[in-house]
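Please treat every number below as a calculation from the coordinates, not as lab data. Please read all numbers here as calculations on a predicted model, not as lab measurements. A quick note on method: Cβ atoms are made from the backbone with ideal geometry, for glycine too, and the neighbour counts reach across all protein chains shown.
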Amino acid sequence: MKKRNGFTLVELLIVMAILAVLTMMAIGIFNPIVLTNKAKDARKKKDLSRMKVAFEEYYNDKGCYPTESFIEGIDCEGNGFSPWLSSWPCDPNGNKYYYITDCNESDCCPKWYKAYTKLENSKDSAIPADWATRTGNYHVGDGSLSNSQVNYGVSSLNVNWDDFVLEEICTYGNTKYCYGPQGSNPCQPLDSGQRHNNAYVGSCSPQCRVSCCLDGKVCN
């Protein structure tokens, strides 16, 4: 009897299929663009985490969070937020992270903050599952950012960074609304010129979180 050497056609096809799968996996793992984006996202998360700690330490010392104008005046890698942060972080592209509070005048005393960035990997598990599905008039932060501009953030404990708000139109139907008292439904309407002092309390539906009626602002 002769001993058979070599491979059958089926065996060769199986080996080729396995090699093809391994090659595609290697391309996905070692793709320089993918690796670079992962590194950028890791840095962004680390930066915002450091900022969150620094903001809370600032609040413990000052009784307020830093104002938007104060943060806007700090240069990238500068020491303008020392001693809470020795070097102010900017994203890997050299851009400042978005920072939003409940008031932006230089002499106000913010009681909450939200800081945002955009992760390169849109499928990152840290991004809320429904983030990309919110379209139309839905914005985030104070209403000045869209969900296409940012997708990840941190905030003080008394607000949620991923809340969606309506943009500056300040209407739900034909009525101006803001957050109302706990359990109110619908939200309580505000008369033109009325100042609202509890914009982020209660259990109003998301469409009532209008940006022009945040704490201390006047509906107009």
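Over 27 Å between C-alpha atoms is what I'm after, so list which of K52/K118; K38/K111; K52/K123 land there. If you can, show how the numbers build up before the last one.
On the way: K52/K118 16 Å; K38/K111 33 Å; K52/K123 23 Å.
Violating the 27 Å limit, Cα to Cα: K38/K111.
Rank by packing, highest mean first: peptides 52-65, 72-85, 11-24, 148-161, with packing defined as the count of other Cβ atoms within 10 Å averaged across residues.
Numbers: 52-65: 15.4, 72-85: 13.6, 11-24: 10.4, 148-161: 17.5.
Those peptides, ordered most packed to least, come out 148-161, 52-65, 72-85, 11-24.
So if we plug the beta-carbon distance of D75 and D163 into 1/(1 + (r/R0)^6) with R0 = 35 Å, what FRET efficiency do we get, rounded to 0.05?
Details: r = 30 Å, r/R0 = 0.85.
Result of the calculation: an efficiency of 0.70.
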Could you run the Karplus curve 6.51 cos²θ - 1.76 cosθ + 1.60 with θ = phi - 60° over the stretch 120-131 and give me ³J(HN,Hα) per residue in whole Hz, x for Gly and Pro? 5, 8, 5, 9, 4, 5, 7, 8, x, 4, 9, 4
Quick one: which residues, 5+ away or cross-chain, put their amide H under 5 Å from the amide H of K118? H built at 1.01 Å from N. N151
